[in-house]
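> Supplied in structure tokens, the structure appears directly below.
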Amino acid sequence: LNFDSLEIFGGSTFEKMLQNKIYKNPFQICEFIKNKVPDVPLQILLGARNLVGLEIYSKNIINRFIKKCVSYGIEIFRVYDSLNDIDDIKYISRVITENGAECQGTIIYDNLKDSDFYVLKANELEILGCKSICIKDVESTLIPSNAKKIFSALNSKIGIPSFLSVYNIRGLQTLNCYEACLNGCKGIDLSLIPSSYNDYNPTIFPFLLSLKNTSIDHKLDYPRIVELYEDIKKNIYPYLEQELFSSKYILNSKSKSLLPKWLISSINKQLKEIGEIENIDIVLKEILKVKKELGNPSLSTPIGQIIGSQAILNTIISDSRWEITSDEINKFLAGYYGKPPENIDPKIKENLLNSINNKNYDINNIPDIYGQCEKELKGLTQKEEDILSYCFFPEKTRNFLETKKEPKTSVKETDTATGQISSRNLERINLKKLREITDLVETSNIDSISLEIDGVKIKVNKSKQQVKGKELQTEQQPDKKEDKINIIEIKSPIVGTFYRAPNPDSPPFVKEGDSVKEGDTLCIVEAMKLMNKINSDYTGTIDKILVKNEDPVEFGQTIMQIKKEE
């Protein structure tokens, strides 16, 4: 089809690739695709220091990751820094070049900067050895007149090709690409899957048609692209999830930032999981408010995730804005991720000064976690690509490896602590019937049941916490009947990490022996950077706290007990 390159993963894509059903890790998927299209260079999108994850990683991990990507067929690395700090790109650009690949230096578009800003940044990237430049419009604020100015300036003042990556959220992708190409842009991102919120039509076709009778030759095989589109529409489109948002939200202001589509999807999913989806408009507004207070950084990875999580904390979890902050926010305020384009609100920084000063956020001393990750996977895998994946996304990588390791059989086990079954052949199971049996095991003296439902053999186990509690109970004198009646078990609503206090420098919400009222906060359970406050539904006394601070907890696990007031 004569495409310049094919982007395989980047941003949140690597994480999602670990959830595939073909049991190949992301590197193996790259190799599989390369074998199918050997003549098309494969490209990936990377954060300069965070690669495909949310943290900042050591030089050892950066070296290993780049080398491994090249060995699996990656030829072009599109590298960006969320805060457009070119110094942060220096090391990784050198590693990419030393491994025989091409580094495309990327500048995150900022609608408050003029064309001279992009020329300056592009010259810095060219000096680093980047073979091309990309302007990436993360928040859909680029308009055609600015595209014309920027690429006209780049075309006349830098010596390497310039590219454009822009989404179609406001319907301006074709116009932006058209103006950029007429003024010297050498390449643009196009997809056969739509990048807007409300439309299923990709802009590749109107863009190619717009070039008719111009001096620009795209060299693409148009009839074959149409065939490919029909194939993708038939086999891929049915599995796409489209979140629909009102045109008022999208078109409200021509200069207003819009959230990247992946971030909208992430917020949407998190709010559904905690039953707060009706508050999505409040959270979206809060994201833009937090962004402004933090100096208007771009919403690219990882800053987008950090701001999104803080917006949920400010609006859904906390009683007041900035009452609870994530460690990542404290790192951001301490300069760990770099300097934002504008000044941080001094009131925000002053209020959180203690949390910042009591932590050591030394960007020059990033711990190398590779060896520890290798130890934790001993017995499961020692492949370097799996260990690297584990460095970025430990829980998803472990789940991927354990699922891949299981024999292909319909005999599987369910743990009532999670309610999860790992069988790959469950579509014919009556889930209502399964839930009834699970509830029976949960509430009875039975430790496990083996049975067959709809042709699938299943073993249902009582949760580990319950079995442990049962063993302990046999060693002790049983409590008085009336005491048992008054003891309420507080259970974790999700799988996550247990926190006794809003942050490390604050006292715990409750201690054993404390009196609590209905509505009082007991603890926090954090899952995927989302802090979930657990409030008491009863008035009484904290009888026992059964888990330690920062311990992992399972869904349904009892985390503390309250002696209810009579």
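The values are calculated or read from the model by the stated rules, or taken from the named source; none is laboratory data. Quick caveat, the model's predicted, so the values are computed rather than measured. Don't worry about glycine lacking a Cβ; one is built from the backbone with ideal geometry, like all the others, and counts go over all protein chains shown. Accessible surface is based on the protein model in full, side chains and every heavy atom, while ligands, DNA and RNA are left aside. Shrake-Rupley method; radii C 1.70, N 1.55, O 1.52, S 1.80 Å.
> Rounded to the nearest 0.05, what FRET efficiency do N2 and K404 give with R0 = 35 Å and r taken as the Cβ-Cβ distance? Could you check?
Efficiency for this residue pair is about 0.45.
> Another one. Ignoring ligands, DNA and RNA, what accessible area per residue does region 153-224 give at 1.4 Å, in Å²?
48 Å²
> While we're on this one: What distance in nm separates the simple spin-label points at K269 and Y222, each placed 7 Å from Cα in the Cβ direction?
About 3.8 nm, to one decimal.
> Rounded to the nearest 5, what % of DSSP beta bridges with both residues in region 1-102 are antiparallel?
In region 1-102, DSSP labels about 10 percent of beta bridges as antiparallel.
> Be a star and scan region 18-36 for residues whose amide nitrogen sits under 15 Å from the point 7 Å along the Cα-to-Cβ vector of S71.
Flagged as within label range: 25-31.
> If you don't mind, there's one more thing I want to ask. Take the solvent-accessible surface of the protein heavy atoms, probe 1.4 Å, and return the percent of it on region 257-351 that carbon and sulfur atoms account for.
Using a 1.4 Å probe with all protein chains present, region 257-351 comes out at 47 percent carbon and sulfur.
> Relative contact order (percent) for region 1-151, with alpha-carbon contacts under 8 angstrom and 6 or more residues of separation?
Result for region 1-151 is 19 percent.
> Now for a separate question. Compute the signed sum of charges (Lys and Arg +1, Asp and Glu -1) over the other residues within less than 11 Å, Cβ to Cβ, of E124.
Value of the local net charge: -1.
> Probe radius 1.4 Å, ligands and nucleic acids ignored: give me the carbon and sulfur share of the accessible area of region 42-106 as a rounded percent.
43 percent
> Run the quick spin-label model on D85 and D345: label points 7 Å from Cα toward the beta carbon, then report their separation in nm to one decimal.
It works out to 2.3 nm between the two label points.
> Let me ask something additional. On full extension of the chain, what length is gained from N364 through D505, given 0.36 nm per residue of separation minus the C-alpha to C-alpha distance?
Extra length from N364 to D505 when fully extended: 48.3 nm.
> Among rounded, prolate and oblate, which fits region 1-50 when a ≥ b ≥ c are the square roots of the eigenvalues of its C-alpha gyration tensor, a/c under 1.5 means rounded, and a/b larger than b/c means prolate?
oblate
> Roughly how many Å² is the accessible area per residue of region 1-47, as a whole number, for a 1.4 Å probe?
Using a 1.4 Å probe on heavy atoms only, each residue of region 1-47 averages 50 Å².
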